[in-house]
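Here's the structure we're looking at; comments come further down.
The values are calculated or read from the model by the stated rules, or taken from the named source; none is laboratory data. Worth saying up front: this structure is predicted, and the values here are computed from it rather than measured. Positions of Cβ are generated from backbone atoms using ideal geometry, with glycine treated the same way; all protein chains shown enter the neighbour counts. In case anyone asks, the SASA skips ligands and DNA or RNA and just uses the protein heavy atoms, side chains included. Shrake-Rupley method; radii C 1.70, N 1.55, O 1.52, S 1.80 Å.
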Amino acid sequence: MRNYLSLLSTLLLFINFSFSQEEQDSIPKTEIDSVQADLAKNGVVIKDSVSFKKAKKEFNPLAPSKAAFYSAVLPGMGQIYNKRYWKAPIVWGAIGGSVYMYIYNNDQYQRFRTAFIRRQAGFTDDEFNGEGILPLFGDDDLEYQQERFQSDRDLWLVAAIALYALNIVDANVDAHLKQFNIDDDLSIDFEPYLDLNQVTNSPNYGMALIIKF
C-alpha cells in the first residue's frame, strides 16, 4: 500500500510539472530525472508533451486585404501571394479569354455596323457587297449580324468583370482560410483525474475537463 501511495505521489508531482514549461525549468533536473527513474521502475514511461508541440503559425490580420489588393492590381497576384500558384494560370486564362472574346465580338460588331450604316446611306462599296471574298449580305443580314455581335460582346464584358471580381474574392477568402486555426492544441477533452489527499493519504479520482488553446 505504501508503494502504491508513493507511486501516486510521484505521478501527481510529475503531472504538475508538465502543466507549464516555466515550472519545469524552475525544478532541478536531477529531481525530475529521479522521478522519471522511479516511474520507470514501475513500468510507467512518460514523454514530455511540450517537445511535441508544433510551432504555431503567426496570424497576419492584413494578409486577406493584401491578397485582395494584389489581385485587384494584377489578377492572379493574390493567388501567388497566397502560394496557390496553380490558380494563377486559371485566373489568367479565364480573364484573358473573356477579354479576347470581348475584343473579337466588338471588332465584328464594328465591321457590320459600319457596313450597315453605309448601306442605309446608299453606298454599296462595303466589304459585304459580294464583290470580294465575302458573300453578299443584305441589309437585314447586316442588321442581324450587328445586333448579334453586340449582344455577344456585352455578355463577354459582363463575364470578364465577374471573373475579375471573383479573382479578388477568391484571393481574400483563401487568405482567410489559410489562417484558420486547425491546431490540435485547440480542443476540449475529458481525461481521467487523479489526486492524492495530503491529509488522509487517500486517492481521489474522477473526470477532468481539459481545455487546450
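When Asp141 is tested against (1) assigned to a helix (DSSP H, G or I); (2) at pLDDT below 95; (3) open to solvent by 80 Å² or more (accessible area, probe 1.4 Å), only condition (3) is not met.
Just name the residue that is most open to solvent (accessible area, probe 1.4 Å) out of those in region 99-117 that are free of Cβ contacts under 8 Å to residues at least 40 places away in the same chain and touching a helix residue (DSSP H, G or I) at 6+ places or on another chain (Cβ under 7 Å).
Keep residues of region 99-117 that are free of Cβ contacts under 8 Å to residues at least 40 places away in the same chain, which gives 100, 103-104, 107, 110-117.
Filter again for touching a helix residue (DSSP H, G or I) at 6+ places or on another chain (Cβ under 7 Å), leaving 112-113, 115-116.
Values: Phe112: 13, Arg113: 95, Ala115: 4, Phe116: 41 Å².
Applying the filter and picking the extreme gives Arg113.
Among the residues of region 148-168, is any farther than 30 Å from Gly78 by Cβ, modelled with pLDDT of 90 or more and surrounded by 15 or more Cβ atoms within 10 Å (Cβ to Cβ)? Scanning region 148-168, I find at least one residue that is farther than 30 Å from Gly78 by Cβ, modelled with pLDDT of 90 or more and surrounded by 15 or more Cβ atoms within 10 Å (Cβ to Cβ), so the answer is yes. Taking the listed residues Gly132, Gly76, Gly96, the one that is open to solvent by less than 60 Å² (accessible area, probe 1.4 Å) and at positive phi is Gly76, with no other qualifying.
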